[in-house]
Amino acid sequence: MNKLFLIIGIVLILISSFFWYKYSLDKAIEIKHPEWKNYTLDNESARRFVDVVYDSQNNPHIFYYAELTKEGIKHVYSNNTLEDYYKNDRRWNSELLKGGKDTGFFISAAALKDTLYISFQDYAIADEKLLLAINDSITILDSKEKSGLNAGMYSSVCLANGKPYVLYHVEEGRKLMLADPQQNLHLLETGTGWNIDCISDNKSIFVGYRGRDDMNLRLGTFNIESEEWSSKRFQVNASSIALFFWNSSPYVVYYDHDDKGIYLSEFYEFNPRRIADGSETLLRAATSNNQAYILYSHYWSGLYLLNSSNLIDFDKTVVASGPDIGLFNALSVTPNDDIKIAYVEDNSLKFKEYERSSSLYMMNKKMESIKKDKMIGSITALVGILFIIFGVKQWKKEKS
C-alpha cells in the first residue's frame with residue numbers, strides 16, 4: 001500500500017512537471033501585433049457606390065455596385081473565426097446580391113450581429129425603385145407608383161431598436177422621405193434630401209443632408225414614438241455629410257464646398273471647427289468605445305483617416321496616396337478599434353483593415369492557458385507531494 005501512495009505521488013509530480021513545462025511554452029508564445037493589411041477584392045467592375053459593415057465574428061461585409069461589368073450589387077465577405085483569421089488571414093467569398101445593370105446605386109449598409117441591412121436603388125430610367133435587403137431577402141420599399149420618379153436617391157439606412165429606417169430622396173416632387181420598419185412612407189420635407197446620412201439612439205433618428213437646389217446643410221430629427229420631424233438649415237454649402245455619436249451625443253462632420261475645409265460640430269449646438277483640408281471630398285465617420293474616426297478623400301492627394309480620443313487633437317493616417325483615389329469610400333469600426341475601410345481605386349475595389357480583435361482574442365486565450373497550466377501544475381504537485389509524504393510516513397511506521 002505504501003508503494004502505491006509513492007507511485008501515485010510520483011505520477012502526479014510527473015503530471016505537474018508536464019503542465020509546468022507547458023506553462024513555460026505558453027509564456028514564451030509571442031502574440032503578433034496588429035498591422036494594416038491590404039486587399040484587392042475586384043479589379044474590373046467597381047466604379048462608385050460602396051459600403052462596409054462587420055458581423056459578430058468581426059468579418060467584413062462589403063457591398064458595391066459592379067457598374068463596369070453591369071452585374072448589379074455584389075457582396076464580398078470573409079467567414080473566418082477570430083482564431084482562424086489570426087492564423088490564416090481572410091478567406092474571401094463573393095456573391096451577387098441582386099443582378100441588373102442599373103442595380104446598386106446609393107448603397108448604404110448597417111448590421112446587427114449577423115443580420116445585415118442594405119438599402120440601394122435600382123436606377124432603371126423612369127422605373128427607379130428603392131430596395132431594402134435583409135441578408136438575402138429583398139423588398140421594394142418605394143417606386144414611381146408610390147412616391148414618384150427616381151425614388152431612392154441618396155439612400156441611408158440606420159437601425160433603431162434593432163429595426164431599419166431608410167432615409168432617401170425622391171426626385172419627382174424633390175422630396176426627403178423616410179421608410180419605417182413597417183414600410184410606411186413618411187414625407188419629411190420638399191426641396192431637400194441630397195447627400196443623406198443618418199444615425200439613431202433608439203429614440204430619435206438624426207439626419208444630416210443638404211438641399212436639392214441649394215447646397216445648404218440641414219440637420220433634422222425624427223422622433224420615433226411621436227413620428228414628429230424637425231429640422232434646421234445652416235448657411236454653409238455642404239457637399240458631403242457624416243454623423244456619429246460621441247459620449248452619447250450626436251455630432252456632424254461636413255465638407256464645405258466653398259472653402260474646401262472639413263468641419264466638425266455638435267449636432268444640437270452648431271459650432272463648426274475646421275479639422276482638415278479637403279478637395280471634392282466624400283466623408284465617412286465611425287466611433288469605437290474611446291475613439292472617433294473620420295475618413296475623407298482628397299481629390300488630388302488620396303484617402304485619409306483622422307482619429308481622436310477627445311475631438312480636439314486628431315492623428316492622420318494615409319490610407320492610399322494619389323489623385324482620384326477613394327472618391328467613393330466606406331468606413332466601419334468595431335468597439336475594439338478594428339478599422340475596416342473599403343474604397344474604389346481606378347476600376348478596383350480595395351479593402352484595408354487594421355484588426356485588433358484577433359490579437360486580443362489570442363492574448364486572452366494565452367493568458368487563460370497560462371492560468372490553467374499554473375493552477376493544474378500547482379495542485380498536482382501539491383497533491384503528489386502529500387501522497388509521497390504520506391507514503392513515506394506509512395513506510396517508516398511499518399518499519400518501526
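The values are calculated or read from the model by the stated rules, or taken from the named source; none is laboratory data. Please read these numbers as outputs of a predicted model, since none were measured by experiment. Cβ atoms come from the backbone with ideal geometry, glycine included; neighbour counts cover every protein chain shown.
Values for this structure:
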quantity: S156 vs. criteria within 23 Å of V76 (Cβ to Cβ) and either in contact with an Asp or Glu (Cβ under 6 Å, 6 or more places away or on another chain) or in a loop (DSSP other than H, G, I, E, B) (or both); calculated: yes
quantity: Hey, D102 free of Cβ contacts under 8 Å to residues at least 60 places away in the same chain, in contact with a Gly (Cβ under 9 Å, 6 or more places away or on another chain) and surrounded by 21 or more Cβ atoms within 10 Å (Cβ to Cβ) or not; calculated: no
quantity: Candidate set: segment 222-239, residues that are assigned to a loop (DSSP other than H, G, I, E, B) and either in contact with a Lys or Arg (Cβ under 8 Å, 6 or more places away or on another chain) or not assigned by TED's automatic domain parsing to the domain that holds G261 (or both); chosen: the one surrounded by the fewest Cβ atoms within 10 Å (Cβ to Cβ); calculated: E225
quantity: Odd one out for L382, checked against (1) under 15 Å from G9 (Cβ atoms); (2) in contact with a Phe, Trp or Tyr (Cβ under 9 Å, 6 or more places away or on another chain); (3) at pLDDT 85 or above; calculated: (2)
quantity: A381 assigned by TED's automatic domain parsing to the domain that holds R90 and crowded, with 16+ Cβ neighbours inside 10 Å; calculated: no
quantity: Residue list for segment 116-139, restricted to those being of a type in the set (V, I, T) and more than 14 Å from D102 (Cβ to Cβ); calculated: I118, I134, I138, T139
quantity: Strands (runs of 3 or more DSSP E) enclosed by segment 179-221 - at least 1 residues per element that are aromatic (F, W, Y) and closer than 26 Å to A133 by Cβ; calculated: 192-200, 204-211
quantity: Qualifying residue in segment 312-327 (condition: under 20 Å from A109 (Cβ atoms) and modelled with pLDDT under 95); calculated: yes
quantity: Whichever residue in segment 163-178 is of a type in the set (D, E, K, R) and either part of a strand (DSSP E or B) or modelled with pLDDT under 95 (or both) and, among such residues, is farthest from I134 (Cα to Cα); calculated: K175
quantity: Meets criteria (more than 23 Å from E266 (Cβ to Cβ), aromatic (F, W, Y) and either touching a Cys at 6+ places or on another chain (Cβ under 6 Å) or modelled with pLDDT of 95 or more (or both)) for Y209; calculated: no
quantity: Tally, over segment 179-194, of residues that are within 22 Å of F63 (Cα to Cα) and crowded, with 23+ Cβ neighbours inside 10 Å; calculated: 1
quantity: Residue in segment 9-31 that is over 30 Å from C158 (Cβ atoms), within 22 Å of the chain's Cα centre (by Cα) and not in a helix (DSSP H, G or I) present; calculated: no
quantity: Some residue of segment 50-62 being touching a Leu at 6+ places or on another chain (Cβ under 7 Å) and among the aromatic types (F, W, Y); calculated: no
quantity: Complete set of residues in segment 238-261 that are without any contact (Cβ under 8 Å) to a residue 24 or more places away in the chain and not acidic (D, E); calculated: N247, S249, K260, G261
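Table: residues versus (1) modelled with pLDDT of 95 or more; (2) under 18 Å from the mean Cα position of the chain (by Cα); (3) buried (at least 18 other Cβ atoms within 10 Å of the Cβ).
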site: V50; (1), (2), (3): yes, yes, yes
site: F63; (1), (2), (3): yes, yes, yes
site: Y86; (1), (2), (3): no, no, yes
site: L116; (1), (2), (3): yes, yes, yes
site: D127; (1), (2), (3): no, no, no
